[in-house]
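Accompanying notes for the structure given below.
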Amino acid sequence: MKDCWKKYLAELIGTFVLVVVGCGTAVGTGADVVATALAFGISIVILAYSVGRVSGGHVNPAVSLAMAIDGKLSWKDFCGYVCAQILGAIAGSALLGAFFKGYKATGANEVNQLIFGEGFGGMMLVFVVEMALTFLFVLTVLGVTADDKFSQVGGLVIGAALTGVHLVGIPLDGTSVNPARSLSAALFALIGGDSQAIKEIWIFLLAPLAGAALAALAAKLFLPKKAEEAK
């Protein structure tokens, strides 16, 4: 098997695990904020030290986009990573539906209308929230991976960052910062008869990608390059 396919398979498996553990905890605990945030964070720590050794452990199209913009991932591999991540997320959501005997509740993201109200204005506020949370998370990823001295603790730092953004975002919209996992959950919620998530899916696809792109641009301006890249 060529190395690129090993990487794609690692991303598929990693995203599958992230969805099953993270979204599974959200569904099983009734979206308990602390439990769900910890589940996503711990998943990233585990994946960073397992599949991360093969593919980098992106398990998120937003992270892969930032890596491509930063020159750490080819655009060809970016396409392969994203396809693998979406397939892994779909497989994870399908398994959750089997676990919980129904596809209506698979951890889909929706705007909290009690906080943001109805209409386009509320959606745009959530767009900003998702963009900002993704910016913070992805900038952490880029910062940790910019210096080899963080390699041993990188997974822990990234996992802590993901936990933090989930603690903030879950009460607002369930926290996405990951288009693949949001897309798969919304699709299976639609299969289960809930169409609200798919109507709002554009927010949870575009906002994380926009936040990741901004983080990559910020990293180019502020973060130091590795010694071998600076030569």
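Just so it is clear, none of the values below were taken in a lab; they were calculated from the coordinates. Keep in mind that what you see is a predicted model, and the values were worked out from it rather than measured. Here Cβ is always computed from backbone atoms with ideal geometry, including for glycine, and neighbour counts include all displayed protein chains.
Positive end of the charge dipole of the stretch 3-230 (Lys, Arg +1 and Asp, Glu -1 on Cβ, about the Cα centre): tell me which of Ile86, Val138, Phe222 has its Cα farthest that way.
Ile86
For the chain, how big is Rg over Rh, using alpha carbon atoms and the Kirkwood form of Rh?
Using only Cα positions, Rg/Rh for the chain is 0.96.
Between beta-carbons, use under 11 Å as the cut-off and find the net charge around Gln113, counting Lys and Arg +1, Asp and Glu -1.
Neighbour charge sum, excluding Gln113 itself: -4.
Evaluate the relative contact order of the stretch 135-231 (contact order divided by residue number), counting alpha-carbon pairs under 8 angstrom at least 6 apart; express in whole percent.
That works out to 39 percent.
Given Cα pairs under 8 Å that are at least 6 residues apart, what percent is the relative contact order of the stretch 3-230?
29 percent
Mind scanning Lys199/Lys220; Lys6/Lys220; Lys6/Lys76; Lys7/Lys101; Lys7/Lys76; Lys76/Lys220 and naming the pairs with a C-alpha gap bigger than 24 Å?
Lys199/Lys220; Lys6/Lys220; Lys7/Lys101
Going by how many other Cβ atoms sit within 10 Å of their own, how do Ile44, Ile69 line up, fewest first?
Listed from fewest to most nearby Cβ atoms, that is Ile69, Ile44.
How many angstrom lie between the C-alpha centres of the stretch 132-203 and the stretch 8-72?
Between the Cα centre of the stretch 132-203 and that of the stretch 8-72, the gap is 8 Å.
Of Asp173, Asp3, how do they rank once you tally other Cβ atoms within 10 Å and put the fewest first?
Lowest to highest Cβ neighbour count: Asp3, Asp173.
Can you give the helix-only mean residue ellipticity at 222 nm for the chain, where every DSSP H stretch with n ≥ 4 adds -39500 (n - 2.57) and the sum goes over all residues, rounded to the nearest 500 deg cm²/dmol?
It comes out at -23000 deg cm²/dmol, rounded to the nearest 500.
In straight Cα distance, which aspartates and glutamates are under 17 Å from Lys104, not counting same-chain residues fewer than 8 positions off?
By straight Cα distance, Lys104 reaches Asp173, Asp194, Glu200.
Only four residue types carry charge here, +1 at the Cβ of Lys and Arg and -1 at the Cβ of Asp and Glu. Report the dipole size of the stretch 3-230 about the Cα centre in Debye, rounded to the nearest 20.
Approximately 380 debye in magnitude.
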